[in-house]
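These notes concern the structure reproduced below.
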Amino acid sequence: MGKVAEIGIKCLKDEAQAILSLVPTIGNDFERAVKLILECKGRVVITGVGKSGHVASKMAATFASTGTPSFYVNTLDAYHGDLGMFCPEDVVITISYSGNTFELTRLLPSLLNRGIPIIAMTSGKDSVLAQNAACWLNIGVEREACPLNLSPTSSTTVTLALGDALACALIEVRNFKASDFAKFHPGGSLGKHLSKVHDYMTTDNLPIVTPTSLVSDAMIVISNGKHGLAVVVYEDSVVGIVTDGDIRRAMQVSRDRFFDMTVEEIMNKAPKTIYSDEFLSKAEQIMQEHRIYALVVVDEKNRIKGLINSVNCL
């Protein structure tokens, strides 16, 4: 193993140890912070300068995606109009390693005069921010992972981790579920894994025919339905589907008797179906495995509830 790799390993070990060193500091103030956020009637506003500002932005994004309305405010922008974003119903989290950052301490009078509670994340309990806060969360480290002990490395890592710890605690006390998480992540792979079929299925103007319907009539239903298929229903139960392709093949084979044919003669009698409370990712998986572009959504009695197609799963 080369020297460069050893430096990387040492950095990871130092930052991991810095996080573990936080464990004994988690106590009453941490619980007070969670209680303040939980009871907040407004939003959680997180602010910091420099690297702390980047951490604050990430923390706000994590809170917002897990059920705690939150946003990041650049401390410097607060002096040029963004102070108007703070409301008495809010809770403010200030991040400053020293706890004496001038730009942040200048905010204190405005926040305190409006009765806005402050959660201070600093390395020192005797700092200006900590002394004026409702509760103090320790982000102190023995040294930075940086070989020069200068660049914020271990300190920003523990701050991120402590923010995640707050978010995790709030998830538990709010009883925040995967279904709630899906509401804030409708796009991408997360959305597919957490969203349900009923959130994306089509339920209006469903293309439905009966087994005795003429194929020529089914063509009209398919065309009007704009799904490329019609669902065959008999006595309220789904018994098959007929697609554009089925009709084209029937036309090629039957020729003269095509217009006398019924749907029952050409339909697929074993259509792929799915329940509305299944995950969207499962619908996508079924369509990919069977190389189809749509699924019929049914209930426990095999009655049609809707249609879900590959476009909805993108």
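The values are calculated or read from the model by the stated rules, or taken from the named source; none is laboratory data. Every value quoted in this text rests on a predicted model; they were computed, and no experiment measured them. In this analysis, Cβ positions are derived from the backbone assuming ideal geometry, glycine residues included, and neighbour counts consider all displayed protein chains. The accessibility values were calculated without ligands, DNA or RNA, using every heavy atom of the protein model including side chains. Shrake-Rupley method; radii C 1.70, N 1.55, O 1.52, S 1.80 Å.
Below are the figures for this structure:
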{"read-out": "Choice from L214, L166, L111 showing the highest fluctuation, given a GNM over the chain with Cα pairs closer than 10 Å", "value": "L214"}
{"read-out": "Extension gain, V4 back to E300 (0.36 nm per residue minus Cα-Cα distance, nm)", "value": "100.5 nm"}
{"read-out": "Principal-axis tilt of helix 3-20 within the chain, Cα atoms, nearest 10 degrees", "value": "80"}
{"read-out": "Added length on full extension, which subtracts the Cα-Cα distance from 0.36 nm per residue, K269 to M85", "value": "60.3 nm"}
{"read-out": "Distance histogram for the chain (every C-alpha pair counted, 20 angstrom bins, percent rounded to whole numbers)", "value": "26, 33, 24, 16, 1"}
{"read-out": "Potential lengthening between L38 and S216 on full extension [0.36 nm per residue; Cα-Cα distance subtracted]", "value": "58.0 nm"}
{"read-out": "The stretch 1-108, accessible surface, carbon-and-sulfur percent (1.4 angstrom probe)", "value": "60"}
{"read-out": "Degrees, to the nearest 10: 215-225 long Cα axis against longest axis of the chain", "value": "20"}
{"read-out": "GluC sites (Glu not before Pro) restricted to the stretch 1-92 and DSSP loop, no more than 14 other C-beta within 10 Å", "value": "E39, E89"}
{"read-out": "Where K226, K58, K269 fall by accessible area, highest first, once all protein chains stay in place (1.4 Å)", "value": "K226, K269, K58"}
{"read-out": "The stretch 1-83, relative contact order [Cα under 8 Å, separation at least 6], %", "value": "22"}
{"read-out": "Residue-normalised accessible area of the chain, given per residue in Å² at a 1.4 Å probe", "value": "54"}
{"read-out": "Whole-percent carbon and sulfur share, accessible surface of the stretch 224-314, 1.4 Å", "value": "46"}
{"read-out": "Charge-dipole axis of the chain as Lys and Arg at +1 and Asp and Glu at -1 on Cβ define it, positive-most pick from Q288, G99, L206", "value": "G99"}
{"read-out": "The chain, dipole about Cα centre (Lys/Arg Cβ +1, Asp/Glu Cβ -1), debye to the nearest 20", "value": "420"}
{"read-out": "Within the stretch 58-187: Cβ-based charge dipole about Cα centre, in debye rounded to nearest 20 (Lys, Arg +1; Asp, Glu -1)", "value": "140"}
{"read-out": "Euclidean distance of C-alpha centroids, the stretch 26-105 and the stretch 126-151, integer Å", "value": "16"}
{"read-out": "Neighbourhood net charge (15 Å Cβ-Cβ; Lys/Arg +1, Asp/Glu -1) for L229", "value": "+3"}
{"read-out": "Principal-axis tilt of helix 28-38 within the chain, Cα atoms, nearest 10 degrees", "value": "40"}
